[in-house]
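See below for the structure under consideration.
Every number in this text was worked out from the coordinates using simple rules, so none of it is lab data. Note that the structure is a prediction, hence the values are computed from the model and not measured. Heads up, the Cβs are rebuilt from the backbone with ideal geometry, glycines too, and the neighbour counts pull from every protein chain shown.
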Amino acid sequence: MKVSVLDNCVGCGACAIINSDVFEMQGNKAVVNTNKIEQTQDLCIDAAITCPVNAIKIDEY
Ligand code: SF4
């Protein structure tokens, strides 16, 4: 699974609360820690569903 945060992130912080292993706030944008994606795939999907602006893109390999 590939997870990325798009430029339209508004920095709400929701993804970092849902899955702090993968999403981290840097300033007013979320960034992705790719090391923990495989272990937390369900939470990555939860974060993507919750994101208010659909800024989390998930691609299945
Ligand atoms: S939930 Fe969406 S808008 Fe909020 S910080 Fe994460 S990527 Fe950005």
Q: Name the single residue, out of those in segment 1-18 being within 6 Å of the ligand (Cβ to nearest atom) and either among the β-branched types (V, I, T) or in contact (Cβ under 8 Å) with a residue 60 or more places away in the chain (or both), that is surrounded by the most Cβ atoms within 10 Å (Cβ to Cβ).
A: V5
**Q.** Residue list for segment 1-18, filter: more than 10 Å from C44 (Cα to Cα), part of a loop (DSSP other than H, G, I, E, B) and not β-branched (V, I, T)
**A.** L6, D7, N8, C9, G11, C12, G13
